[in-house]
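Reading through the structure tokens given below for one structure.
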Amino acid sequence: MIGLTPERIAEELERYRSRIAEGAQVLTRMGEIEAGVSPRDPVYREDKLTLYRYRPRAAVLRPVPLLIVYALVNRPYMMDLQEDRSMIRGLLDAGLDIYLIDWGYPDAGDRELTLGDYVHRYIGHCVDYLRDRYHRDSIDLLGVCQGGALSLCFASLYPEKIRNLVTMVTPVDFHTPDNLLTHLIRHVDIDLLVDTLGNLPGALLNFAFLSLSPFRLAGQKYVDVVDILDDAEALKNFLRMEKWIFDSPDQAGEAFRQFAKDFFQQNKLVEGNVVIGDRRVNLRDVAMPVLNVYATQDHLVPPAASKALAGCCGSRDYSEFSFRGGHIGIYVSARAQREVPSTIAKWLSAR
């Protein structure tokens, strides 16, 4: 290459070495990486589950509480990562009264938990707690990613308990051609996997997620981080994200078995054939107002997988919001902070 002399190469290598050494000094002074910044209080516990209420930030609150159901496969502090990247804070500032289910970390004693436990019992008990606390027949529900699929199941089985439903980056049709995760899972012997391992290790799921975009997620970002090693705040932001990515709970074996087989492999949700406990889920019974938020560049939940909800739910008040970004950007990007919480709050306030 023109201009690539031995002297230039040596100069670049020395600059790289110097930056690495400087970065090592920054890292030694950084201390604990904290995530989850908005004050909250536990209000209900059951087994590993904790229901939190976030302390209000607005003078006037919406009288109907909003319960957030996050995915089982990751920790929910992604929605409250730091002061300037917090979906939770944006919703609080918009006057919403926010509750969130923290699923905790399943262990060997939880391997027999089923989707019935998660939907009928855990989500059901949290919903009933809020209905009793606020003396209301129904509350608002926000389901995120896999938590959105579980929320759809709950809303179809108990429509009288949900006033408004918001789904965010939620898969509905798991067999769209661009669903890379389904292409990976459909060839796995799920019964053998669960029978062998019991609970599914979070590290194994992480490997599967990272393998969907290995160059960007497992290589390029660590090369790029060299450019911010001398910036303590930027480096701390990077490490917060890394902490979340690798803070993946194990999955209760029986619940994972059913979700992987019924949703990913057999696409039963969109076909109306999922059975939770002894009750069949029919998305036509999701008759309350629905706001479906999806990301146009989502590599985990392609837009078509989420937009399929329009054709199979029973709501006469169905809306979509298209966010220009990816599966993670919808929580933490600057655009997301400006657009997503206000959109959800305005939609709820009109209902």
Open item on the list: As I understand it, the dipole of the chain uses +1 on the Cβ of Lys and Arg and -1 on the Cβ of Asp and Glu, about the Cα centre. Which of 36, 334, 310 lies farthest toward its positive end?
Closed with: 310
Task: Angle in degrees between helix 124-134 and the longest Cα principal axis of the chain, rounded to the nearest 10 - done: 80 degrees
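If you rank 161, 48 by fewest surrounding Cβ atoms within 10 Å, what's the result?
Numbers: 161 20, 48 17.
The order, fewest Cβ neighbours first, is 48, 161.
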Open item on the list: Using the Cα centre of the chain as the reference point, and only Cβ charges (+1 on K/R, -1 on D/E), how large is the resulting charge dipole? Debye, rounded to the nearest 20.
Closed with: 1000 debye
TODO: Describe numerically, in nm with one decimal, the distance between label points set 7 Å from Cα along Cα→Cβ at residue 134 and at residue 45.
DONE: 2.5 nm
Open item on the list: If neighbour count is taken as other Cβ atoms inside 10 Å, put 306, 138, 322 in order from fewest to most.
Closed with: 322, 138, 306
TODO: Please list, or write none, the lysines whose alpha carbon is within less than 20 Å of the alpha carbon of residue 307, excluding same-chain residues fewer than 8 places away.
DONE: 268
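What's the local net charge at residue 46, with K and R +1, D and E -1, over the other residues with C-beta under 13 Å away? Each step should come with its number before you reach the end.
Values: positive: 45, 48, 121; negative: 47, 102, 110, 117, 128.
Around residue 46, the charge tally is -2.
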Open item on the list: I'd like the Karplus ³J(HN,Hα) series for the range 49-56: coefficients 6.51, -1.76, 1.60, θ = phi - 60°, whole numbers in Hz, and an x wherever there's a Gly or Pro.
Closed with: 6, 10, 9, 10, 10, 7, 5, x
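About the Cα centre of the range 123-270, what is the dipole size in debye to 20, counting +1 per Lys and Arg Cβ and -1 per Asp and Glu Cβ, all else neutral? Working shown, then result.
Numbers: 14 positive and 20 negative charges, 69 e Å.
Dipole of the range 123-270, to the nearest 20 debye: 340 debye.
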Open item on the list: Quick check: pseudo-label points 7 Å beyond the Cα along Cα→Cβ at residue 284 and residue 4, how many nm apart are they?
Closed with: 6.4 nm
Task: Distance between modelled label sites at residue 15 and residue 55, nm, 7 Å Cα→Cβ extension - done: 4.7 nm
TODO: Take every Cα-Cα distance within the range 224-283, group them into 10 Å bins from 0 onward, and report for each bin the whole-number percent of pairs it holds.
DONE: 19, 27, 16, 18, 16, 3
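Stokes-Einstein D for the range 77-126 at 37 °C, 0.692 mPa s, Kirkwood Rh over Cα pairs, in µm²/s? Please list the in-between numbers first.
Values: Rh = 13.2 Å.
After rounding, the answer is 249 µm²/s.
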Task: Cβ-based exposure ranking for 226, 60, in which fewest neighbours within 10 Å come first - done: 60, 226
TODO: Name the residue farthest towards the positive end of the dipole of the chain from the options 64, 265, 145, assuming +1 on Cβ of Lys and Arg, -1 on Cβ of Asp and Glu, about the Cα centre.
DONE: 64
TODO: Any aspartates and glutamates with Cα under 15 Å of the residue 346 Cα? List them, leaving off those in the same chain fewer than 8 positions away.
DONE: 93, 97, 140, 317, 320
Open item on the list: With every atom except the alpha carbons ignored, what do you get for Rg and Dmax of the chain, in angstroms?
Closed with: 21.6, 76
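When DSSP beta bridges are limited to those with both residues in the chain, what percentage is antiparallel, rounded to the nearest 5? Could the numbers behind the result be given before it?
Working: 15 of 39 bridges.
In the chain, approximately 40 percent of DSSP beta bridges are antiparallel ones.
Of the peptides 246-252, 129-135, 286-292, how do they stack up when ordered by the mean number of other Cβ atoms within 10 Å, highest first?
On the way: 246-252: 20.6, 129-135: 14.4, 286-292: 22.4.
Top to bottom by mean Cβ count within 10 Å: 286-292, 246-252, 129-135.
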TODO: For residue 321 and residue 271, compute 0.36 nm times the residue count separating them, minus their Cα-Cα distance, and round to one decimal in nm.
DONE: 15.6 nm
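Once fully extended, how much extra length lies between residue 203 and residue 183, figured as 0.36 nm per residue of separation less the alpha-carbon to alpha-carbon distance?
Numbers: separation 20, 0.36 × 20 = 7.20 nm, distance 1.96 nm.
Taking residue 203 through residue 183 to full extension adds about 5.2 nm, to one decimal.
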Open item on the list: Please report Rg (one decimal) and Dmax (integer) in Å for the Cα set of the range 200-350.
Closed with: 18.7, 57
Open item on the list: Just to be sure I understand: with springs between alpha-carbon atoms less than 10 Å apart, which residue in 110, 278, 47 has the highest mean-square fluctuation in the Gaussian network model of the chain?
Closed with: 278
Open item on the list: Among 257, 62, 53, which one shows the highest mean-square fluctuation when the chain is modelled as a Gaussian network with alpha-carbon springs under 10 Å?
Closed with: 62
Task: aspartates and glutamates whose Cα lies under 20 Å from that of residue 236, excluding same-chain neighbours fewer than 8 positions away - done: 22, 32, 34, 80, 83, 84, 224, 227, 247
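Can you figure out the FRET efficiency of residue 83 with residue 220, using R₀ = 25 Å and their beta-carbon distance, to the nearest 0.05? If you can, show how the numbers build up before the last one.
On the way: r = 27 Å, r/R0 = 1.09.
Given R0 = 25 Å and the Cβ-Cβ separation, E is 0.35.
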Open item on the list: Taking amide H atoms as placed 1.01 Å from N in the peptide plane, list the residues 5 or more away in sequence, or in a different chain, whose amide H sits under 5 Å from that of residue 44.
Closed with: 51
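Throughout, read-outs are computed from the coordinates displayed, never taken from laboratory work. Fair warning: this is a prediction, and the values are worked out from it, not measured in the lab. Cβ sites come from the backbone with ideal geometry, for glycine too, and all protein chains shown count toward neighbours.
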